[in-house]
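> Below you'll find the structure I mean.
The values are calculated or read from the model by the stated rules, or taken from the named source; none is laboratory data. Remember, predicted model here, so these are calculated numbers, not experimental data. Glycine gets a Cβ as well: all are built from the backbone with ideal geometry, and neighbour counts include every protein chain shown.
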Amino acid sequence: MKSPYDILGVTKKSSQEEIKKAYRDLVKKHHPDLNPGNKKAEEKFKTISNAYDLIGTPENRIKYDSEENLQQNQEAKNRSYSKRRPPKSQNSRYASSYADQFGSDEFAENIFSEFFKSHSAPPPSVNPDTHYQMSISFQESILGAEKVITLANGKNLQIKIPPGIKNGSKLRFKGQGSSDRPNLPSGDAIVEVKTIPLEGWTRIDNDLEMELPISLFEAILGDDITVNTMYGTVEIKIPPGSNSGSKLRIKGKGVKKDDLVGNQIVKLKIVLPKNPETELKTEMQKMKNKFNYNPREDNLKNNKNINDQNKRESRSEV
């Protein structure tokens, strides 16, 4: 099973900032909104999110590393003990070698049996946990919500979804799990929260990014536009000469979790009319004749510089 470090493509020596950057790069590549209908990308995104939950903050990272070290130490002890412990079939052979000292083979056999029995796993001290899944909307994951889930025993459990919860997070409810063994304390109910993606919206850490369609005229002339946020609508100013891909920031309208407050990032996208009127085409032709420009001019200059550099390198090699 891969560790969260392997999943994010970092090492245990990586800084927290390097982990965050690796996570952001993977999210941008595998987010379901960017890969509609791609189940593999969706599963990859879930794996990435779960890995980042484990080591994305210094506190969670310390907790994960401590638990991993404890588990590795326990596994090492188990392997060491299994090497020292003779197979069950050897009990009689070991017992026979000491039979003269204890008086009989049966007595020696019992001693070895009791020894190995004392090193077996202890009986459970609590009933097992019960696992559930719950789906919530994208907006509920940002603002928080109250939900009701029906447990296996038929009981309804009121659940408070905290604001800013991440996809795949797990909520634990003490004593609400299995109680099949009445002589033992009840286990816990563990609810895994799944966030339903919202088209046009992406969460990156505590920031929310959304795509805003604008007209060609709004892009050229600029305008004041009403924009949706998770907390209501706000007015933003589109600067004149904006391009597709330009990003505007709405401060404080991202994820509000604990003491951290993110921003909303508005990504502009110029959208042309699907069926332009003949008159509009005529006017645009007039504008083209008067104000025409080459948007690829910088690309052409860069390509020329690259070609010139390649030619100089070829001559130097000769």
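> On the given criteria, is residue 182 more than 29 Å from residue 254 (Cβ to Cβ) and without any contact (Cβ under 8 Å) to a residue 40 or more places away in the chain?
Spelling it out, residue 182 is indeed more than 29 Å from residue 254 (Cβ to Cβ) and without any contact (Cβ under 8 Å) to a residue 40 or more places away in the chain.
> Which ones in the range 235-282 are within 24 Å of the chain's Cα centre (by Cα) and farther than 26 Å from residue 138 by Cα?
Listed by number, the list is empty, since nothing qualifies.
> To continue, here is another question. For the structure I just gave you, tell me whether residue 148 is part of a strand (DSSP E or B), at negative phi, surrounded by fewer than 16 Cβ atoms within 10 Å (Cβ to Cβ) and modelled with pLDDT under 95.
Yes: the conditions hold for residue 148.
> If you don't mind, another one. Residue 181: surrounded by fewer than 16 Cβ atoms within 10 Å (Cβ to Cβ), among the basic types (Lys, Arg), at pLDDT below 95 and under 30 Å from residue 22 (Cα atoms), yes or no?
No.
> Take residue 157 and decide whether it is at pLDDT 90 or above, of a type in the set (A, V, I, L, M, F, W, C) and in contact with a strand residue (DSSP E or B) (Cβ under 9 Å, 6 or more places away or on another chain).
For residue 157, the condition - at pLDDT 90 or above, of a type in the set (A, V, I, L, M, F, W, C) and in contact with a strand residue (DSSP E or B) (Cβ under 9 Å, 6 or more places away or on another chain) - is met.
> Return the pair list, or none, for Cβ contacts closer than 6 Å from residues in the range 196-207 that are under 19 Å from residue 43 (Cβ atoms) to residues that are among the hydroxyl-bearing types (Ser, Thr, Tyr) and outside any loop (DSSP other than H, G, I, E, B), at least 6 apart or on different chains.
Listed by first residue and then by second, the contacts come to 196/135.
> Another question about this same structure. Every residue in the range 254-286 that is assigned to a loop (DSSP other than H, G, I, E, B), touching a Pro at 6+ places or on another chain (Cβ under 9 Å) and under 20 Å from residue 232 (Cβ atoms), please.
255
> Provide a single number: the residues in the range 195-227 that are assigned to a strand (DSSP E or B) and either among the aliphatic types (A, V, I, L, M) or surrounded by 14 or more Cβ atoms within 10 Å (Cβ to Cβ) (or both).
Matching residues across the range 195-227 total 15.
> Take the residues in the range 7-56 that are surrounded by 19 or more Cβ atoms within 10 Å (Cβ to Cβ) and not in a helix (DSSP H, G or I); name whichever of them is farthest from the chain's Cα centre (by Cα).
That would be 10.
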